[in-house]
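The next block holds one structure in the form of structure tokens; read it before the comments.
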């Protein structure tokens, strides 16, 4: 018998083999037909969960990319602030933007928390006068923060979608296992248990091959 602890691939393989055997035995065709819907359903749900997993992976990669771009923008602001202070001694722009004296507290934050920390940096630009040269960095920072947050939101939804798809796949596995068991009991009633066993495939075991000939090379 099958178990829902098995992978979907293994369940489908055994169910399809069982169906193929049924279709070759007179009177067992209806057993093959009975398991067709569960097979189709598991195929669909398994493919869906695989697609959702791929979506989640792609969305995670996008989060990492957006996080890296945000890091670069923050580093650009840090470099610009240092250069600004060298040209305008006494202004202390770098300290204004980075009160703790470093960018690492923002850049090294987790990918989900970095946009919030970067938002605090963005708010400090409000302390500049309208014609301040440093304001050129405000819009790129704002856009990059928004892009990072959007990527995180999409990724979080992808996680939810994958969990839902896996739950649906698990239910489809249960249905297939249940029908497989029904088929066994029905086959036993139709043909007897001994003959019924022939309709349910065994997992092939690997045996050592016996060589038919030995080739000796000099």
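Mind pulling the angle between the C-alpha long axis of helix 138-191 and the longest principal axis of the chain? Nearest 10 degrees, somewhere in 0 to 90.
Tilt relative to the chain: about 10 degrees.
What's the FRET efficiency of residue 153 with residue 191 using the Cβ-Cβ distance as r and R₀ = 41 Å, to the nearest 0.05? If you can, show how the numbers build up before the last one.
Numbers: r = 57 Å, r/R0 = 1.39.
Efficiency for this residue pair is about 0.10.
Relative contact order (percent) for the chain, with alpha-carbon contacts under 8 angstrom and 6 or more residues of separation? Please list the in-between numbers first.
Working: 176 pairs, mean separation 78.4, N = 218.
Across the chain, relative contact order equals 36 percent.
Can you give the FRET efficiency for residue 163 and residue 34, using 1/(1 + (r/R0)^6), R0 = 45 Å, r = Cβ-Cβ distance, to the nearest 0.05? Kindly include the intermediate steps, with their values, before the conclusion.
Details: r = 31 Å, r/R0 = 0.68.
Efficiency, from the Cβ-Cβ distance: 0.90.
What do you get for the angle between helix 8-22 and the principal long axis of the chain? Use alpha-carbon atoms, 0 to 90 degrees, nearest ten.
20 degrees
Could you give log10 I(q)/I(0) at q = 0.10, 0.20, 0.22 Å⁻¹ for region 91-206, computed by the Debye formula over C-alpha point scatterers of equal weight, without solvent?
Rounded to two decimals, the profile gives -0.56, -1.09, -1.19.
Test of understanding: ordering 119, 168, 162 by Cβ neighbours within 10 Å, fewest first, what list do you get? Before the final figure, lay out the partial values.
Numbers: 119 15, 168 18, 162 21.
Ordered by Cβ neighbours within 10 Å, fewest first: 119, 168, 162.
So if I restrict to the alpha-carbon atoms in region 1-44, what is the Rg, and what is Dmax, the biggest pairwise distance, in Å?
Gyration radius and largest Cα-Cα distance of region 1-44: 10.6, 32 Å.
Given the C-alpha centroids of region 142-193 and region 1-42, what is the distance between them in whole angstrom?
Cα centroid to Cα centroid, the span is 19 Å.
Cα axis of helix 114-124 to longest principal axis of the chain: angle in degrees, 0 to 90, nearest 10?
That helix lies at roughly 20 degrees to the long axis.
Could you tell me how many cubic angstrom of Cα convex hull volume the chain has per residue?
Working: hull volume 49.9 nm³, N = 218.
Enclosed volume per residue, from the Cα hull, is 229 Å³.
We did not get these values from a lab; they are worked out from the coordinates using the rules stated. Bear in mind the structure is a predicted one, so any value in this text is a computation, not a measurement. Glycine also receives a Cβ, built like all others from the backbone with ideal geometry; neighbour counts cover every protein chain displayed.
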